[in-house]
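Accompanying notes for the structure given below.
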């Protein structure tokens, strides 16, 4: 994957969709549930980034 | 011997003018690598502010958040979020246009992005005026203004970068080749970063 504006834009869309899901879950349930979902997404994102980094440079 | 060295010197002069080319070991060009490293440092800066926010909210654990009688205008902030996300699409359109050699699309995309960014900043300032609390009102007021204000400052810097790019676009400075539109590509990456940070600030401060 090349690191350019198009690649960064893809991540804007991904973060935007993830935020929309968190907002919907929070408004439908409680802020705690939304927070836990957000935390789970951050952890999943970190694991994905770590694996991609290992594949690319490891 | 002397004539040989002069001949070599002439041959060298035919192929190269000025100082030698800088060595580039990275697959990313210098400007893009520079803005990416800058963004990494910015993420750490925002991280410090988010750490303060979560400390105040979770560790200090006040009875209610936001504390009574403060109310945050979620609808206005949500609309502002939509405006800023739209601006990421317009800057992407501007860059896709110049990649295809469409200069009109580049100008249109840049102007639209600038206007959307300025609208975001205007609504943010208007929100500050009508909020009813200041940065001196409890730790909540301080961290609210610090987080949103830090982001607002980044939007302002982004608008400056976009202004330069727009002026250059109207002067016909950019072209379809990758190295010929770095002046839009780099502000574009920065603008996407500002957008992503606002999504995180909005969800954290206004929604959760």
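Computed on chain B, with alpha-carbon pairs under 8 angstrom and 6+ residues apart, the relative contact order is 26 percent.
Modelled this way, with points 7 Å down the Cα-to-C-beta line, the labels at residue B:79 and residue A:55 are 4.3 nm from one another.
For chain B, what does -39500 (n - 2.57) per DSSP helix run (n ≥ 4), summed and divided by total residues, give at 222 nm, in deg cm²/dmol to the nearest 500?
For chain B, the value works out to -25000 deg cm²/dmol.
Taking 0.36 nm per residue of sequence separation and removing the Cα-Cα distance, the residue B:58/residue B:142 pair yields an extension gain of 28.6 nm.
Roughly how large, in nm² to one decimal, is the mean projection of the convex hull of the alpha-carbon atoms in segment B:10-151?
One quarter of the hull surface, i.e. the mean projection, equals 13.9 nm².
Annotation: extensible slack from residue B:51 through residue B:31 equals 4.2 nm (criterion: 0.36 nm per residue apart, minus Cα-Cα distance).
Applying 1/(1 + (r/R0)^6) with r as the Cβ-Cβ distance of residue B:96 and residue A:33 and R0 = 35 angstrom yields a FRET efficiency of 0.40.
Across peptide A:7-14, the average count of Cβ atoms from other chains found within 10 Å of a residue's Cβ is 6. With Cα atoms defining each centre, segment B:73-148 and chain A are spaced 21 Å apart in the structure. Available extension along the chain between residue B:68 and residue B:129 is 20.1 nm, counting 0.36 nm per residue and deducting the alpha carbon span. The listed peptides B:72-80, B:183-191, ordered by packing as a protection proxy, come out as B:183-191, B:72-80 (highest mean of other Cβ atoms within 10 Å first).
Once the convex hull of all Cα atoms in the protein assembly as shown is built, its volume per residue stands at 181 Å³.
When each of the peptides B:155-168, B:81-94 is scored by the mean number of other C-beta atoms lying within 10 Å of its residues, the order from highest to lowest reads B:81-94, B:155-168. Which part of segment B:133-174 falls in the paramagnetic zone of residue B:38, meaning amide N under 17 Å from the point 7 Å along Cα-to-beta-carbon? Hits in segment B:133-174 for residue B:38 at 17 Å: B:151-168. Along its first, second and third principal axes, ordered by size, segment A:5-57 spans 41, 22, 8 Å in Cα coordinates.
Laboratory data are not the source of any read-out in this text; all were calculated from the coordinates shown. Predicted, not measured: the structure shown is a model, and the values here were computed from it. For neighbour counting, all protein chains shown are included, and Cβ atoms are generated from backbone atoms with ideal geometry for every residue, glycine included.
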